[in-house]
Amino acid sequence: LGDLLRFSALASDAGPARSVILLWLWGGPSHLDTFDCKPAAPVEYRGPYAPIATSVPGIQIGELLPGLARRADKLA
């Protein structure tokens, strides 16, 4: 609450806002295409993309995220 009040006070010192940028991103890949490929599930439950190995043994993610797979040892 303290941070909210401080930011509110700073905003009121700067004057009223004149414009807003709203970026609305519809959709995106589902969890079946990214992090939960379910390779052992029946075909009707799996996503269309294959899982790939990451830099962490035993962890796989969707083939759409090869850069993330290379850096998986740095994820928290």
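The values are calculated or read from the model by the stated rules, or taken from the named source; none is laboratory data. Keep in mind the model is a prediction, meaning the values are calculated, not measured. Positions of Cβ are generated from backbone atoms using ideal geometry, with glycine treated the same way; all protein chains shown enter the neighbour counts. Quick note on the areas: whole protein, heavy atoms, side chains included, nothing else; ligands and nucleic acids left out. Shrake-Rupley method; radii C 1.70, N 1.55, O 1.52, S 1.80 Å.
When S19 is evaluated against the numbered criteria (1) touching a Leu at 6+ places or on another chain (Cβ under 7 Å); (2) exposed (fewer than 10 other Cβ atoms within 10 Å of the Cβ); (3) of a type in the set (S, T, N, Q), which criterion, by number, is the only one it fails?
(1)
When you check G15 against the structure, is it at positive phi and at pLDDT 90 or above, yes or no?
Judged against the criteria, G15 is not a match.
Restricting attention to the range 39-56, which residues are farther than 21 Å from D73 by Cα and assigned to a loop (DSSP other than H, G, I, E, B)?
Correct list: P39, A40, A41, P42, R46, G47, P48, Y49.
Within the range 20-38, can you find the residues that are closer than 21 Å to L75 by Cα and either more than 18 Å from the chain's Cα centre (by Cα) or modelled with pLDDT of 90 or more (or both)?
The one that is closer than 21 Å to L75 by Cα and either more than 18 Å from the chain's Cα centre (by Cα) or modelled with pLDDT of 90 or more (or both): K38.
So R46 clears everything in (1) surrounded by 15 or more Cβ atoms within 10 Å (Cβ to Cβ); (2) modelled with pLDDT under 80; (3) of a type in the set (K, R) except one condition, right? Which one?
The one condition R46 does not meet is (2).
Give me the residue from the range 57-76 that is in a loop (DSSP other than H, G, I, E, B) and open to solvent by 90 Å² or more (accessible area, probe 1.4 Å) and, out of that set, modelled with the lowest pLDDT.
That would be A76.
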